[in-house]
1. When both residues are 6+ apart or on different chains and their Cβ atoms are under 8 Å apart, which pairs have a first residue that lies in region 150-173 and is under 23 Å from Leu83 (Cα atoms), and a second that is assigned to a loop (DSSP other than H, G, I, E, B) and among the aromatic types (Phe, Trp, Tyr)?
2. Please tell me if Val94 is over 17 Å from Asn125 (Cβ atoms), in contact (Cβ under 8 Å) with a residue 12 or more places away in the chain and among the aliphatic types (A, V, I, L, M).
3. Quick one: Leu52 ticks every box in (1) modelled with pLDDT of 95 or more; (2) within 25 Å of Glu142 (Cα to Cα); (3) in contact with a Gly (Cβ under 6 Å, 6 or more places away or on another chain); (4) of a type in the set (A, V, I, L, M) bar one, so which box is it?
4. Please pick out the residue among Ala65, Ala30 that is modelled with pLDDT under 95, out of contact with any Gly (no Cβ under 9 Å at 6 or more places or on another chain), surrounded by 19 or more Cβ atoms within 10 Å (Cβ to Cβ) and closer than 30 Å to Ala169 by Cβ.
5. If you take just the helices (runs of 4 or more DSSP H) that sit entirely in region 78-175, which of them hold at least 2 residues that are crowded, with 20+ Cβ neighbours inside 10 Å and out of contact with any strand residue (DSSP E or B) (no Cβ under 7 Å at 6 or more places or on another chain)?
6. Which condition from (1) hydroxyl-bearing (Ser, Thr, Tyr); (2) at pLDDT 95 or above; (3) closer than 19 Å to Val42 by Cβ is the one that Tyr102 breaks?
7. May I ask you to list pairs of residues, at least six apart or on different chains, whose Cβ atoms are under 6 Å apart, with the first in region 76-88 being in contact (Cβ under 8 Å) with a residue 24 or more places away in the chain and the second being among the acidic types (Asp, Glu)?
Amino acid sequence: MKKIAGFVLALVLMWLTGCGDSGQTPQATAPKTSSDLTGRVVNVHDGDTITLETGGKRYRIRLYAIEAPELDQAYGKQSQRYLEKIILRETVNVEKIDIDQYDRILGRVFYKGRDLNLEMVREGNAWFYRGYKPTKEDGYREAERKAKSARKGFWQAADPQYPLDWKKAHNKNEQ
């Protein structure tokens, strides 16, 4: 009897979430635990947001402590392509830090032992997110300083604009 009840519950949940109708995996609500996630990257939205698939669920991951150019901003597509070239369709580990206001997981993304958040900053494909106070992310500040002095990535431009400033100037939303 318990098996039948479980099966019926599963069918109801599938019907309520739309699973099975479209053939697409639904976007899962970010897990509320502090555990890490390991899964396959199925989309690189831009230089600081990816979709990870694990256990039949998809999670939107916002790379913690960095801010990449917007796609329609100078160097936005280059930033996205840099990250995409490394991890699209690859298995990564995400160290979950928090959940943001858009229900995305804020996390540090690791691929073959590489901290990709830090690498994006080091290669001039993202800024260290200005909202953080000096903490364990001090390595990000130093990586940004070095990328800027070496004129890597968007630092080749005369005056690259920090994405949040660019969004305000172009009336773009925060997500």
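The values are calculated or read from the model by the stated rules, or taken from the named source; none is laboratory data. On a predicted model such as this, the values are computed, not experimentally measured, just so you know. When we count neighbours, we look across all protein chains shown, and the Cβ atoms used for this are built from the backbone with ideal geometry, even at glycine.
1. Gly153/Tyr75; Phe154/Tyr75; Ala157/Tyr75; Pro160/Tyr75
2. Working: over 17 Å from Asn125 (Cβ atoms): yes; in contact (Cβ under 8 Å) with a residue 12 or more places away in the chain: yes; among the aliphatic types (A, V, I, L, M): yes.
Judged against the criteria, Val94 is a match.
3. Among (1) modelled with pLDDT of 95 or more; (2) within 25 Å of Glu142 (Cα to Cα); (3) in contact with a Gly (Cβ under 6 Å, 6 or more places away or on another chain); (4) of a type in the set (A, V, I, L, M), Leu52 violates only (2).
4. Values: Ala30 fails: closer than 30 Å to Ala169 by Cβ.
From the options Ala65, Ala30, the qualifying one is Ala65.
5. Numbers: elements: 116-122, 138-150, 163-169.
By residue number, 116-122, 138-150.
6. (2)
7. Pairs found: Gly76/Glu70; Gln80/Asp46.
Matching residues to (1) over 24 Å from Thr51 (Cβ atoms); (2) modelled with pLDDT of 95 or more; (3) within 12 Å of the chain's Cα centre (by Cα):
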| residue | (1), (2), (3) |
| --- | --- |
| Gly76 | no, yes, no |
| Glu84 | no, yes, yes |
| Lys112 | no, yes, no |
| Ser149 | yes, yes, no |
| Pro163 | no, no, no |
| Trp166 | no, no, no |
